[in-house]
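Reviewing the structure listed below.
Each value in this text was obtained by applying a stated rule to the coordinates, not by laboratory testing. What you see is a predicted model, and the numbers here were worked out from it, not measured in a lab. As a convention, Cβ positions derive from the backbone with ideal geometry for all residues, glycine included, and neighbour counts pool all protein chains shown.
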Amino acid sequence: MTQLREAVSKRKEKLIQKLLDLGVYKKEEHHLYELTLSEIETGYQNKRKRVKLIENPKT
């Protein structure tokens, strides 16, 4: 069980850092570290999609 918690914690920290690098500091009224891993993963995926659309808009 400890290994699972460590893996979740590491994944969460990695994604939080990636979101910070993209300029995301909060989701609504919550700081990133307050969110669950699932919420962080969803937020990261959504941000990546938006960034890709901005970088490669369809004409």
**OP:** Work from the charge dipole of the chain (Cβ charges, +1 for Lys and Arg, -1 for Asp and Glu, about the Cα centre) and give the residue of Gln45, Tyr25, Asn56 farthest towards its positive end.
**Re:** Asn56
Original post:
To the nearest 10 degrees, how steep is helix 2-21 against the longest Cα principal axis of the chain, on a 0 to 90 scale?
Top reply: 30 degrees
Original post:
Of all GluC sites (Glu not before Pro) in the chain, which ones are in loop regions per DSSP and have a Cβ with at most 10 other Cβ atoms within 10 Å?
Top reply: Glu28, Glu29
Original post:
Straight-line reach from Lys12: which aspartates and glutamates have Cα under 13 Å away, leaving out those fewer than 8 places along the same chain?
Top reply: Glu34, Glu39, Glu41
Original post:
Using a Förster distance of 22 Å, how high is the FRET efficiency between His30 and Ala7, based on the Cβ-Cβ distance and rounded to 0.05?
Top reply: 0.45
Subject >> Between helix 37-55 and the chain: long-axis angle, C-alpha atoms, 0 to 90°, nearest 10 >> reply: 20 degrees
Subject >> Entries in Lys27/Lys49; Lys26/Lys47; Lys18/Lys52; Lys26/Lys49 that, when Cα-Cα distance is taken, lie over 20 Å >> reply: none
